[in-house]
Amino acid sequence: METEAVTLKRQLTLLEYGTCSDETQAKALFEHRESLQPYLKEKLLTQSFDGNQIHIRAAHFVGLMPFSGANQTHWLLVAPKGCREDENLGLLRFLELIALSECNTPPETVPGLEAESGPNRFLLFLAYHYAKLLRDLCLRDFRSYYRHEEGELRGRIRGRLRLADYTRLAIRGKPHVLACRWDEFTVDNWDNRILWAAARRLKQVAASFDPRAAALVWRPFERLIPWFSAVAEVPIRAEDFRKSRLGRTSRYYRHALAWARLLLQGGDLPTGGGQVPPLVLNTHQAFEKFAEVVVRAAFPEKWEIEFQKDVKFLERPQAQVRRPDISLSDPKKAVIAVGDAKYKEVLEHAADDKLATGSDVFNASIQHGDWNQLYVYMRLTTAPCGFFVLPFWNKDGNHVEWLDQFEFAVPPCDGSARVGVLALNLLRPLGDVKQKAAEQLRRWLSPSVSPFAAMAGNRNGEAR
């Protein structure tokens, strides 16, 4: 066993919900499970049987995780599921998924990408997209604002004297110290500190396993240094995001801060080894947000679209709620449809050879409990329509697959009820996938939704 541990490669790659393809390395990785405990505890990794052998398996988090073994820091790269067919295309589509989920677009090209592989390629994708967001922000809406400062009197009074603090200091034998408070109008504010910390985080992670990668990752940020040179380099924690102000008033800051949060979120997670925390992105969360983007694109603004809305299920001593992923209401506030996005459940139940079509994914991953859940959602909200949103991966397949050959024996609400499955191909250009999926969803709901019927009648009248 010790020999296997010593021969463990410095960099290992797993696919989402997959194990190491090299059996020897998979066994060696399992032998280092004590070093991986922080990730197992946070469910970034799991343990499961593959045949008769227990292995370390990835979960629905994509990214880089350092761990210690044989007196050396190792790196575990969890690649997106689409990399099974094509590494470059899988990473590109994953970046599109994250970007569209945050309502922005990824860069069309990444210089030097063809010569890189593994962690370098992953970090380059992230760096060039994030640098693009910062560059747009700097050119169009880079801001300063007033920051509260406190300090001591140095030569002249600045701001307001804090006499109570002065009295306390005088009692302690420091009568010459005058405490002041003032407002500083500066680019060194918490919004800019957070944004620049995310850029430094990418460089730090890259430098920890490859100095050359650090130079490549930092290259797109070099032209931004004049903008951020006056911004203090301070460690950023999760609670520091509450100090952000500009994301509420500027879409450029809002988009950049959303990505900064993604890049910095691993900083609060425990590390399996070394000084660098993991850099991980939640693909299940990204897919749910992409499903929200699709639904928003399908319907006009006057419709109310709510996500993860609490619906009362049980009252009094054991009060409970149920929370549909998607709830769609017409302008009269009547719930028309509820939807449930499935991602990690798909990867948990469907083998790799069952991920190429929407039909295969549906048959392999939607369980009895999923139907029960959708039925309860429709019953509680009195929605006449319910649907699942699923992923599949096929670079040559259709952008979208729609399945609607289902019918409840007893409708969950008065009148007829319709259910369907919207499957999204995550290996086709996701801008096109979003458009085609929105069209399909709108077309499916239109027969039973009065505003759509009215619009169709108006068009027919105009034609006549």
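Read-outs: derived from the displayed coordinates by stated rules, not from any lab. A quick note: this is a predicted structure, and the numbers were derived from the prediction, not measured. Using ideal geometry, Cβ is built from the backbone for each residue, glycine included, and neighbour counts are taken over all protein chains shown.
Annotations
- The Cα center of the range 4-60 and the Cα center of the range 299-347 differ in position by 37 Å.
- For the range 299-463, size of Cβ-based charge dipole, Lys and Arg +1, Asp and Glu -1, in debye: 440
- Placing +1 on the Cβ of every Lys and Arg and -1 on the Cβ of every Asp and Glu, with nothing else charged, gives the range 2-82 a dipole about its Cα centre of roughly 240 debye.
- Label sites at Ala230 and Ala409, each approximated as a point 7 angstrom past Cα along Cα to Cβ, lie 7.2 nm apart.
- Positive dipole terminus of the range 299-463, leading residue within Val311, Tyr377, Ala423 (C-beta point charges): Val311
- Here the simple spin-label model places points 7 Å from the Cα toward Cβ, and for Lys332 and Gln72 these points are separated by 7.0 nm.
- Rounded to the nearest 5, the antiparallel percentage of DSSP beta bridges internal to the range 1-97 is 70%.
- Listed residue pairs exceeding 25 Å between alpha carbons, taken from Lys312/Lys354; Lys354/Lys434; Lys243/Lys434; Lys309/Lys342: Lys312/Lys354; Lys243/Lys434
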